[in-house]
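The values are calculated or read from the model by the stated rules, or taken from the named source; none is laboratory data. All of these numbers come straight from a predicted model, not from anything done at the bench. When we count neighbours, we look across all protein chains shown, and the Cβ atoms used for this are built from the backbone with ideal geometry, even at glycine.
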């Protein structure tokens, strides 16, 4: 009965059953938000999640952690339709905030090197958290500019976005200087590493906190840079739900006020 109410068109049900199991659908049909439901359906199809993986993504509040959830409903619907009908993946559906890195087993005190080393040791689980289309390319990627050496913490390639993704790991809150550092890395990658057919590289700065006004005023999106928190210890599910839903409401209200 619930399935019939959610999907009254029998043809839609037939189409879904060719790609998703009944266990998949049973995990989705009780979601009240239709956009959230569509998100999990399309991402399950795209990344070929098993029913267990889908349940894990739902439990980890993946939808609430994607940038798409912080957009107006028309934008969310449009991006999901592009994915559904044209297989076009918007970066808003790829990047998350926060990232859950509790599997690294880090204590209360650790350095950036400890964080990076732990990620490499648990690379498979880190990629699962990033998303299945990320491919690891390098750790401490050396680049030389004007006879000076710089090192990108982690370098990935995203298959469907067709672009390099540079990741910088930071302890503490986001600082304005991080933008200039990442812009330098991205322009170098664009000039020397990007090959024909690829899109402009994207930068992801992972830190343990950020001031939203700093991020907003610096207009990082225009530089193809994203900033996200990472959590090495998870708060309770209730606290996390409250935090994420509040962040979504604030972000949507800011967009509507523009």
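Computed values, structure above
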| item | result |
| --- | --- |
| Residues (within 18 Å of residue 71 (Cα to Cα) and in a helix (DSSP H, G or I)) located in the stretch 218-241 | 220, 221, 222, 241 |
| Residues within the stretch 46-62 that are on the phi > 0 side of the Ramachandran plot and in contact with a helix residue (DSSP H, G or I) (Cβ under 8 Å, 6 or more places away or on another chain), tallied | 1 |
| Identity of the residue in the stretch 25-45, under 13 Å from residue 55 (Cα atoms) and out of contact with any helix residue (DSSP H, G or I) (no Cβ under 7 Å at 6 or more places or on another chain), that ends up modelled with the highest pLDDT | 43 |
| Subset of the stretch 91-103 [assigned to a helix (DSSP H, G or I) and farther than 17 Å from residue 209 by Cα] | 91, 92, 93, 103 |
| Lone qualifier among 206, 189 - being surrounded by 12 or more Cβ atoms within 10 Å (Cβ to Cβ) and part of a helix (DSSP H, G or I) | 189 |
| Helices (runs of 4 or more DSSP H) wholly inside the stretch 28-71 containing at least 1 residues that are in contact with a strand residue (DSSP E or B) (Cβ under 6 Å, 6 or more places away or on another chain) | 62-65 |
| Subset tally (residues that are in contact with a helix residue (DSSP H, G or I) (Cβ under 9 Å, 6 or more places away or on another chain) and in contact (Cβ under 8 Å) with a residue 40 or more places away in the chain) for the stretch 154-203 | 12 |
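Every residue, every condition in (1) modelled with pLDDT under 95; (2) under 27 Å from residue 215 (Cα atoms), yes or no:
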site: 87; (1), (2): yes, no
site: 105; (1), (2): yes, no
site: 117; (1), (2): no, no
site: 120; (1), (2): no, no
site: 131; (1), (2): yes, yes
site: 140; (1), (2): no, yes
site: 146; (1), (2): yes, no
